[in-house]
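See below for the structure under consideration.
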Amino acid sequence: MAIGYLCPCCGERLAPETLADIAAQNKQDSSNSNNDNFDEKNSWMFCKPCGTAAPMNKPDLSVHTIPLETPIVHLDAKQAFELLDEKEKEYAYWLSQADWAGAKICLLQCSVESPAIFCLLQLTFGSSSMDDIVSAGQNRLTQEQIDSALMYAAAFYGNMGNYKSFGDSKFIPALEPDAFYTLLTGAADELLKKKIDQLWEECADRMYSLTPRQRQMGLGSDKGISTYFTANCDEEDAKLANAFLDSQGISAYNTRLFKDDNGHFTIRQASFNKEEEPIMHTTYQGKEFTIVQGDYAPLMKRITDALTSALDYTANETQTKMMEAYIDSFSNGDIEAHKEASRYWIRDKGPAVESYIGFIESYRDPSGVRGEWEGFCACVNKEVSRKFQTLVDRAESFLANYMPWPPEFEKDRFLRPDFTSLDVLSF
């Protein structure tokens, strides 16, 4: 399958047959200009639109690709999980199911292409073993190409999207599109290949595109992309919408803003329940605003179903009320209910299974008020916790007898810490 792609310089779609010519021409021009910084391996990335000189704002591929030496850390909570009793294991399982269901929201909050890329990777790596995929690739690709493709997949899963969690810059596969496609389809039968082709056609252009706006997250055509807002929104629209929500006593934390061609605003509120009619339609500062519920509704239902199952395995009344408040918040879009759940979370002292879930951090919203979905579940490592509890129990003696300073430098009363060693089960 010959593959074209969107040029990262100018955004124009390039036909497959032009790629080799582009690389050769760029190499010749670089040689003629004695450019010692020419990158032959990545020369296919850049074009010369309209026969003119290549644009000066070429993307820095060291920023927009993942280095092969990036470490991959193995998440191992086996020991801690096995030390839980059966009820605690069930509780941890259902919380993890809620986390995994909600993780797909992060894809929708990242970029328009992220959900399709996720489906593409899931289909590929879920249908064939890693050994089969790599073995098939070794017949037609170099080891560096294989490693680059696998590193992209790992980075995508690690960030739950194709923009870095820290820095919000886009990253692309560090190999040619046709090479990546070859790895994805190498071990596939005909039926699977057709499904991969459909997803590839849907997301490959945007996967590789590094036009100036798509290189980073931001709000406005000159700043970057954001799926918290439609592409025609700017900072003034965000300020107006935030002011409107404040005037109505509604939190923006679990919302997205959509602006139509007539300048009318629709605010979508995340919830499992989806009302037939808007919950509000009004005018604010001369602009029409409509609020609807049901954003991410299918995923919110999966989350609430998992949390409802977790109710059967809570350890105490505090955990039960915490789960009930989460379910209320995710069913009806009520941020106040989530705050109530957080209060119960604070009161849940020393749980064997620790968790938190919801629209939490607002770093990715360019206007700083909308929360990215987050969920984690962690098991108390009872053996490690026991050892450190011994240290806590003896701390007063250590402070009184073994410190190189007199007792006058210590507080009058020792405040015992609540130490718990946690092994992350899901995040």
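The values are calculated or read from the model by the stated rules, or taken from the named source; none is laboratory data. Because the structure is predicted, anything quoted here is derived from the model rather than measured. Ideal geometry is used to build each Cβ from the backbone, glycine not excepted, and the neighbour counts take in all protein chains shown. Calculation scope for accessible area: heavy atoms of the full protein, side chains included, ligands and nucleic acids excluded. Shrake-Rupley method; radii C 1.70, N 1.55, O 1.52, S 1.80 Å.
Numbers for the structure displayed
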item: Heavy-atom accessible area per residue - segment 101-142, 1.4 Å, Å²; result: 40 Å²
item: Out-of-range pairs (alpha-carbon distance over 20 Å; input Lys239/Lys301; Lys104/Lys170; Lys259/Lys339; Lys239/Lys287; Lys78/Lys382; Lys78/Lys301); result: Lys239/Lys301; Lys259/Lys339; Lys78/Lys301
item: Neighbour net charge for Ala241 - beta-carbon separation under 15 angstrom, K R +1, D E -1; result: -3
item: Cα gyration tensor category, rounded, prolate or oblate, for segment 281-328 with a/c compared to 1.5; result: oblate
item: With all protein chains modelled, accessible area of Lys164 [1.4 Å, Å²]; result: 50 Å²
item: For segment 415-423, 3J(HN,Hα) per residue [Karplus equation, 6.51 cos²θ - 1.76 cosθ + 1.60, θ = phi - 60°, Hz, x = Gly/Pro]; result: 8, 6, x, 9, 9, 9, 8, 10, 10
item: In order through segment 102-107: 3J(HN,Hα) via Karplus (6.51 cos²θ - 1.76 cosθ + 1.60), integer Hz, x for Gly, Pro; result: x, 4, 5, 4, 4, 4
item: Cut-off under 5 Å, modelled amide H: who pairs with Leu425 long-range; result: Cys377, Ala378, Cys379
item: Using alpha-carbon coordinates, inclination of helix 317-332 to the longest axis of the chain, degrees; result: 40 degrees
item: Candidate values [x] 37; [y] 48; [z] 33, label of the one derived for percent of Cα pairs over 38 Å apart; result: [x]
item: Sequence ranges 71-77, 108-114, ranked by mean other-Cβ count within 10 angstrom, highest first; result: 108-114, 71-77
item: Largest to smallest accessible area among Met323, Met130 [probe 1.4 Å]; result: Met130, Met323
item: Under Karplus coefficients 6.51, -1.76 and 1.60, residue-wise ³J(HN,Hα) of segment 181-193 in Hz, glycine/proline x; result: 4, 4, 5, 5, 9, x, 9, 8, 7, 4, 5, 5, 4
item: In segment 56-93, the GluC sites (Glu not before Pro) that fall in loop regions by DSSP, at most 14 other Cβ within 10 Å; result: Glu69
item: Relative contact order of the chain, pairs being alpha-carbon contacts under 8 Å that are 6 or more residues apart, as %; result: 18 percent
item: Segment 353-427 versus segment 325-345: alpha-carbon centroid distance in Å; result: 24 Å
item: Under-5 Å amide H pairs with Tyr284, H placed in peptide plane, nonlocal only; result: Phe289
item: 5 angstrom amide H check on Gln293, placed H, neighbours 5+ away; result: Gln269, Glu275, Ile279
item: Helix-only CD estimate at 222 nm, as mean residue ellipticity for the chain, using -39500 (n - 2.57) per DSSP H run (n ≥ 4); result: -14000 deg cm²/dmol
item: Three semi-axes of the equivalent ellipsoid, segment 302-427, Cα gyration tensor, whole Å, largest first; result: 36, 19, 14
item: Shape of segment 146-301, Cα gyration tensor, a/c cut at 1.5; result: prolate
item: Per-residue SASA entry for Val134, accessible area with 1.4 Å probe, Å² rounded to 10; result: 30 Å²
